[in-house]
Amino acid sequence: MVGHREEARDLAQEVFIRAFRSLHRYDPGRPFSSWIFKIASNLCIDYYRKKRLPTVSIHDTFEGEEDRPRVELVDAGPTPDEIFQSRSQRDRLEVLLQSLPPRYRVVVLLRHKEDMSYEEIANELDVPIGTVKARLHRAHRLLRTKLSEADADEAESAQ
């Protein structure tokens, strides 16, 4: 997260120091890895807040060229069209997810939205790991089918 080996090592030591000092606040009912990761990510965020980055005024100009700014600001983010398309795709996927039976919807959400492993999902739902894999496979197949049907309907209505 910090991009520098030595700083990362220092922060890693600090993570374990903070974890040790806060061990009384750890809930054994939750995964230890999530708890320690949260401490690490918060520490990295604090590191970036404290780190002073070099700044340049947007009003500075090149010497002798008063009209030309020293820095040209370019927005590297998505364009409004890309944002709209992304939102409409997300909304479309949300509608398709809601149309799935609950047992399939929950495994898709846990796997792809919560980024849980098969083992974590199996533990969470109290089902065998094979059941998780089968439900996820069936859910993906159902989503593909529903998506192709929706595309066919759109193409037909456009004609």
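Quick notes on this one:
- Subset of the range 1-55 that is charged (D, E, K, R) and closer than 26 Å to residue 114 by Cβ - its residue that is surrounded by the most Cβ atoms within 10 Å (Cβ to Cβ): 18
- The set of residues in the range 49-70 that are at pLDDT 60 or above and either under 18 Å from residue 13 (Cβ atoms) or touching a Pro at 6+ places or on another chain (Cβ under 8 Å) (or both) comprises 50, 51, 58, 59, 60.
- Listed by first and then second residue, the pairs with beta-carbon distance under 6 Å, at least 6 apart or on different chains, first residue in the range 20-44 and within 24 Å of residue 124 (Cα to Cα), second among the aromatic types (Phe, Trp, Tyr) and part of a helix (DSSP H, G or I), are 26/35.
- Residues located in the range 85-129, provided they are small (Gly, Ala, Ser), at pLDDT 90 or above and not in a loop (DSSP other than H, G, I, E, B): 122
- Selection count where residues are touching a Ser or Thr at 6+ places or on another chain (Cβ under 8 Å) and of a type in the set (Lys, Arg), scope the range 109-159: 1
The values are calculated or read from the model by the stated rules, or taken from the named source; none is laboratory data. Remember, predicted model here, so these are calculated numbers, not experimental data. We place every Cβ from the backbone using ideal geometry, glycine too, and count neighbours over all the protein chains shown.
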